[in-house]
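Input: a single structure, listed below in C-alpha cells.
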Amino acid sequence: MNVLLNSNGQIIRSDVVGELKMRTYLSGMPECKLGLNDRVLLEAQGRTTKGKTTDLEDIKFHQRVRLARFENDRTISFIPPDGSFDLMT
C-alpha cells in the first residue's frame with residue numbers, strides 16, 4: 001500500500017499493489033463470479049461512490065477470466081482450475 005499525504009495529513013493519492021490468490025477444489029466446471037466495489041461500474045449505474053470504491057487500473061487476469069464480460073459489466077467471471085492460482089494481479 002502506498003499513500004501520499006500533504007502537510008496537513010490529508011491523502012493526496014493512495015495505491016494498493018497486490019494479488020488475488022485462489023485455491024479451488026470444485027467438482028465439475030462451475031462458473032465463479034466475483035464483483036468488487038469498482039468505481040467505474042457504480043458511477044455507470046448512477047450510484048454515488050463517496051470514497052468507498054476502488055479504481056481498478058493496470059490489471060492482469062488469469063487466462064480463464066472472461067475478459068469480454070469484465071469489460072461489459074465489470075464482473076470477474078471464470079471457471080477455476082483445480083488447486084492454487086493467481087486470479088488477478
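The values are calculated or read from the model by the stated rules, or taken from the named source; none is laboratory data. Predicted, not measured: the structure shown is a model, and the values here were computed from it. Backbone-built Cβ (ideal geometry, glycine too); neighbour counts: all protein chains shown. Ligands, DNA and RNA are stripped out before the accessible areas are found, and what is left, the full protein with its side chains, is counted by its heavy atoms. Shrake-Rupley method; radii C 1.70, N 1.55, O 1.52, S 1.80 Å.
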Would you confirm, using the coordinates I've provided, whether LEU36 is surrounded by 10 or more Cβ atoms within 10 Å (Cβ to Cβ), in a loop (DSSP other than H, G, I, E, B) and at pLDDT below 90? yes
Which residues, counting only those in the stretch 2-19, are open to solvent by less than 90 Å² (accessible area, probe 1.4 Å), in a loop (DSSP other than H, G, I, E, B) and closer than 22 Å to ILE59 by Cα? GLY18
Out of the residues in the stretch 57-89 that are more than 18 Å from THR24 (Cβ to Cβ) and among the basic types (Lys, Arg), which is most open to solvent (accessible area, probe 1.4 Å)? LYS60
If you scan the stretch 50-64, which residues turn out to be in a loop (DSSP other than H, G, I, E, B) and at pLDDT 90 or above? LYS60, HIS62, GLN63, ARG64
Looking at the stretch 65-80, which of its residues are outside any strand (DSSP E or B) and in contact with a strand residue (DSSP E or B) (Cβ under 8 Å, 6 or more places away or on another chain)? ARG66, LEU67, ARG69, PHE70, ARG74, THR75, ILE79, PRO80
